[in-house]
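Quick notes on the structure that follows.
Please treat every number below as a calculation from the coordinates, not as lab data. Just so it is clear, the structure is predicted and the values come from calculations on it, not from any experiment. Please note: Cβ atoms are built from the backbone with ideal geometry, for glycine as well, and neighbour counts cover all protein chains shown.
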Amino acid sequence: MNRKVYRYINRGLFERDKVTFKLMMATKILIKAGQLTSADVGLLLKAGGGIDDRNNPFASWMAQKIWLNLKALSKHKFGNDHSMFFKELPDRINRNEQVWKKWVDEAEPENIPVPDYEEKINSDQNIGHFIHLCLVRSIREDRTILACQ
């Protein structure tokens, strides 16, 4: 049924809207399968929009909005097993600041291995790609649609 609905709707969409529709379908399927929660999708959409933290230790190279996104990501519990995947993210960025700065400044960070987390992301077969997408969205919002493909 999912395939038929997808093909029917996808035919009538503009090319620029197809990636968004694919993302919507994929997240809905993962929620129904119990691998994601609606809070996970909310994090992807809103990131750090509701957080107020003015203590950005990386203010010299990281915008406040990105810092708030990373704080939200580090406090979020992914999936139904409620694992805090990025719990140590601010500490890891602090310990390895130059590597993270280089990754953030890359032209295509979605195609470059994530410092300190690449193996952990790849080891999660169910939602590893979604977790990677959330990280890319938090740090480089402009690359989110490209990371979805």
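Okay, here's what the table says:
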read-out: Inter-part distance where the stretch 16-84 and the stretch 91-149 are each reduced to a Cα centre, Å; value: 12 Å
read-out: Within straight-line cross-link reach of LYS77, aspartates and glutamates at Cα separation under 14 Å, skipping those fewer than 8 residues along the same chain; value: ASP40, GLU88
read-out: Rough spin-label spacing in nm, given labels placed 7 Å along Cα→Cβ, for SER60 and GLN149; value: 3.6 nm
read-out: Eligible aspartates and glutamates near LYS65 by straight Cα distance, threshold 12 Å, same-chain separation 8 or greater; value: ASP52, ASP53, GLU141
read-out: Amide H contacts under 5 Å for SER83, placed H, 5+ residues apart; value: PHE78
read-out: Which of GLY12, PRO57, GLY79, positive extreme of dipole for the chain (C-beta unit charges); value: GLY12
read-out: Among SER60, SER38, SER74: highest mean-square fluctuation, GNM of the chain, C-alpha pairs under 10 Å; value: SER60
read-out: Flagged links, alpha-carbon separation over 31 Å, of LYS71/LYS120; LYS18/LYS120; LYS46/LYS120; LYS32/LYS71; value: none
read-out: Cβ-based exposure ranking for LEU45, LEU70, in which fewest neighbours within 10 Å come first; value: LEU45, LEU70
read-out: Long-range tail of P(r) for the stretch 2-148 (Cα pairs > 21 Å, %); value: 46 percent
read-out: Full-extension gain in nm, GLU119 to PHE14, via 0.36 nm per residue minus C-alpha separation; value: 34.2 nm
